[in-house]
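Notes to accompany the following structure.
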Amino acid sequence: MDYKELRNPSQPADTPDGFVSEIRSIIDQARSNAVRSVDFCRVRMYWNIGKRIFEEEQHGKERADYGTYLIRNLAKRLEPEYGSGFSVRQLERSRQFYRLYPIASTVRTQLNWSQYKMLIAIADADKREYYELEAINNGWTGRELERQINSMLYERLLLSNDKEAVLAVARKERIPESPMEIIKDPMVLEFLGLERQPAYYEKNLEKAIITKPYSPANISSIYPLRNNLSVK
């Protein structure tokens, strides 16, 4: 008799795959929640730091350079102890973060600090709010948000008569059928000196704008250039 073939009647059957999948989902969800919780704690930390820096600046507002002096000295004390996350640059971002979001309840729990760094680098309030809401509604990661900003999605929407088509491409709901797909607003295109097309694909648009002879001072009022979007 092959004893290997014998089986203890009391031995339970293999654990069902569905049950294991459920447990895995619970673990993965808990880990994901923990990461988001840490991310938001970091966001709130920088917001609170920015708030205190801003408040402290008001005490020395009679000195024009007090804010710069304050941040440099604070970084000098904090960076050796806590690391590069408290450098002059990061502390300046914290201050700007608080100035743009002075009400704590407007700070979104769905966004992490990397995403907020990109948002606070956008000077235009409408543009910043647009990317903020799109990032939340579409669950964009930091890299996806950066890609959409660099692809000039907001500008393309402003110029396009077919906004749904632009959004569909951005959200990967469909693939552009040809390079000439994504922009058309006759008044703005006329101002830019561009011919009206059914749509402009982002690279074609950027190339057309760069090569056209117009005054940067005039165009910047209605069309923020891409170099204003860069995040360092």
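Read the figures in this text as sums done on the coordinates, not as results from a lab. Source: prediction; values computed, not measured. Cβ sites come from the backbone with ideal geometry, for glycine too, and all protein chains shown count toward neighbours.
In order along the range 33-38, phi translates into HN-Hα couplings of 4, 5, 5, 5, 5, 5 Hz, rounded to whole numbers, per the Karplus curve 6.51 cos²θ - 1.76 cosθ + 1.60 with θ = phi - 60° and x for Gly and Pro. When all alpha carbon pairs of the range 17-107 are counted in 5 Å bins from zero, the resulting P(r) reads 3, 13, 17, 17, 13, 10, 7, 5, 5, 4, 2, 1, 1, 0 %. Residue ranges 79-85, 34-40 sort as 34-40, 79-85 when ordered by packing (mean number of other C-beta atoms within 10 Å per residue, highest first).
A straight line joining the Cα centroids of the range 37-86 and the range 100-142 runs 20 Å. Measuring r between the beta carbons of VAL88 and GLU62 and using R0 = 25 Å, the FRET efficiency lands at 0.65.
Spacing of the modelled spin labels on ARG72 and ASP28, each 7 Å from Cα toward Cβ, amounts to 5.1 nm.
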